[in-house]
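Take a look at the structure below.
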Amino acid sequence: MILNFPSNPSTGSFYLGPNGVGYTFDGIKWVVSSGSGPTGPSGAQGLQGGQGPQGLIGNTGLQGLRGAQGLQGAQGLDGAFAGQGVQGTQGVQGSSGAQGGNGLQGAQGCCGIQGAQGAQGIQGCIGLQGVQGPQGGCGLQGAQGATGCFGIQGVQGATGGCGPTGPSGPPGTGGGGSSGIVKTILLHHVANTATITGPADINSWSASYTSTSNNVEIMAFVTVSNNGLGAEPKYLYLKRDGSIVDTIAYFFTGNAHYSIGPFYYLDTSASGSHTYNIALGTSGEIASTADSCLMIATEY
C-alpha cells in the first residue's frame, strides 16, 4: 500500500493514510500518531446481515393438574337385568404449560461495502498566455500624384439654323447647329461647412439637377483627410436620390488632404429632377472646412 504524504508539510501536520493509520509531521519526518486523524466521510450502508439461526425450543410446560374425579354413579339395580350405572362427568382440563424462552440472537451481518471515493479536487488555473510578438509595420504607400487643374468651360456657341428634318432615329446634326450637349457646374469647389467624420453624408456637397433628357453624366472631384494610417482601404460614395451609384476606394499614409476622383456616373433615366451628393463611407475619414467638392452635370 502506497502512502502519499502531503508535500511541504508544517510541524504538527496530520495525515491519515489509506491503511487507517494516522501520521504526524515532527518537523523532520512523519511518525505514527497516537491520536486519531479526522473522521473520514461515512461509507455507504453495509448490506443487511443474514437471518440468524432459529432460537432453541423452549422447555415443555408443566403438565396440567389432574382433573377431579367424577361423582360415582348410582348403584345399579340388583338382579340379572339391572342396567349399567351412568358414567361420571369428565374432569376439567389442566392449565397450559408456561411459554418457552426466546431463541438465541442470530449472528452479526457482514461488514458494509466501503464508501465511494471522494470527488476529485478542483483543477488548477490555466497559466497566462504568452505575450504576442509585435506585428510587422506596413510598407509606406507611394505618394499620390497631384490632380491636374480643371479647364475653364468654353463659351457656348451660337445656335445654328434649323437643318432639314432627318429620318426617325438619333437626332441628326443640324446644319451648323450645336451638338445639343449642355454642361452645368453644380458645385464649383464648394467648401464643406463643418467637419464631418465618416461614415456620413456631406450635406453641403449635395446638388439637384433637372434634366429634359434621359442621359446625364455626373462627374465629381473632392478632397478629404484621414485620422490614422492607411492599413485598410477607405471608401467614398456618389449617391443619386440617396442610393449609391459610384464608389471610389483609396489608401492613405497620414492626415494630409487628398484629392480624390473623379467620380463618374452616367444616368440613363435622368429625366426630371434628381439630387446627387457625396458621402464618407468609412470610419476615420474626415471632410473638414479645408476640403471642397467640384461637381459637373453634362446632359446629352
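See the values below:
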read-out	value
Residue list for the stretch 266-300, restricted to those being within 11 Å of Val216 (Cα to Cα) and either without any contact (Cβ under 8 Å) to a residue 24 or more places away in the chain or crowded, with 18+ Cβ neighbours inside 10 Å (or both)	Asp267, Ala270, His274, Ile296, Ala297, Glu299
Count - residues of the stretch 254-263 that are aliphatic (A, V, I, L, M) and in a strand (DSSP E or B)	1
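Each row is one residue, and each column tells you yes or no for (1) of a type in the set (A, V, I, L, M); (2) part of a strand (DSSP E or B).
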| position | (1), (2) |
| --- | --- |
| Glu232 | no, no |
| Tyr235 | no, yes |
| Thr247 | no, yes |
| Phe252 | no, no |
| Tyr265 | no, yes |
| Ser273 | no, yes |
| Ala290 | yes, no |
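All of the numbers you see were taken from the coordinates with simple rules; none came from a lab. Keep in mind that this is a model prediction, so the values were computed, not measured. Here Cβ is always computed from backbone atoms with ideal geometry, including for glycine, and neighbour counts include all displayed protein chains.
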